[in-house]
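Undergrad: Pasting a structure here, questions to come.
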Amino acid sequence: MTRRRTSFALIRGTPSILALLLLLAAGGSAHGAVDDTIAAVGPRVVKIYGAGGFRGLEAYQSGFLVSPEGHIVTVWSYVLDTDYITVTLDDGRKFEAKLLGADPHLEVAVLKIEAADLPCFDLGQAVEGDAGTRVLAFSNLFGVATGNEPASVQHGIVSVKTSLAARRGSFETPYDGSVYVLDAGTNNPGAAGGALVTRAGGLLGMLGKELRNSGNNTWLNYAIPAPEFRQSVDQIRAGKFVPRDPEGEDELRKPDRALTLSLLGIILVPDVMERTPPYIDQVRSGTPAAAEGLLPDDLVVLLGDHLIQSCKALRAELEYIDYEDAVRLTVLRDQVLREILLQASPESGDERP
């Protein structure tokens, strides 16, 4: 049995037994600081249910509250690719959540539920750890979100703080910043987006997605340090990296002649679902897209600072850009994010949208 599966078995049981196991593993008594930390941090961790399920994909992930008004930090993933995201709090209350925005470079997203006076972390008070720091990882490890089940908790240490960029040849992820590498099997289905804290309860970071080494088939258990994503969370809350809300836009802001995918030389995959991912199917030769090196299978994730979640959203976003203006696309190719600046060529100026 691998350590990855052993970590699942270790923490099964009632919350009281779980706390005892953690304390014994840490060499402590059944009553003490870890017990207090579990009681304090648990209510700040939420369970998230979204897309997946019927597609045969994991439909759950984790998150944690960062404001009393219901702002939640979690990972940016396909689980959030739906209009119906459900958040379950520690006390069993369920809320429909709105995706405020996401930063694809950091794979961090911010959700919002309509609530008040919620227990939360203050990102401004996040702490930093180093090799040897003893930690607790809180998450929705078993994908359970039907009521007031407590968050799963795992005990471990930080093995090393390093840059994920040095591992890019082995792990497929667009994130290339600092990570805490952990000695516990934390990055399991449902756990992504959970909170990593010190034994005293100080927020260290966010549990990342599952990452498997393509060379030796081992799993990387890691967390993204809070300072890495704090600024992006603030920017999302301020309106950057957000999907446009068509109902809140003034139609008069649209130019008389808007930019189109055709003018740029881009053909997307067939739009057959409600949220068909905006993959590029073809790039016409002799067009701005071809000149700037866009390729089939590139996935458009940002147009300017607006998050793009579907083919339909990309076309709608272009309606706000004049056909003579340059546009900045961020695409995901081979798990690397690339920024491409495009502008319709004079030769395409006579083409009507």
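We did not get these values from a lab; they are worked out from the coordinates using the rules stated. Note that this is a predicted model, so its numbers are computed, not measured. So basically every Cβ, Gly included, is an ideal-geometry build from the backbone, and we count neighbours across all protein chains shown.
Undergrad: Suppose R0 equals 35 Å; then what is the FRET efficiency for Ala39 and Met273 from their Cβ-Cβ distance, rounded to the nearest 0.05? Before the final figure, lay out the partial values.
TA: Values: r = 43 Å, r/R0 = 1.23.
Working from the Cβ atoms, E equals 0.20.
Undergrad: Checking the table Lys254/Lys312; Lys112/Lys254; Lys47/Lys209 against a 20 Å threshold on Cα-Cα, which pairs fail? Each step should come with its number before you reach the end.
TA: Values: Lys254/Lys312 17 Å; Lys112/Lys254 28 Å; Lys47/Lys209 15 Å.
With Cα atoms farther than 20 Å apart: Lys112/Lys254.
Undergrad: What list do you get for Tyr320, Tyr180 if you sort them by fewest beta carbons within 10 Å? All intermediate terms of the calculation are to be shown ahead of the outcome.
TA: Details: Tyr320 17, Tyr180 27.
If I rank by nearby Cβ atoms, fewest first, I get Tyr320, Tyr180.
Undergrad: Please state the shape class of segment 246-348: rounded when a/c is under 1.5, otherwise prolate if a/b exceeds b/c and oblate if not, all from the C-alpha gyration tensor.
TA: Numbers: a/c = 1.62, a/b = 1.13, b/c = 1.43.
The shape class here is oblate.
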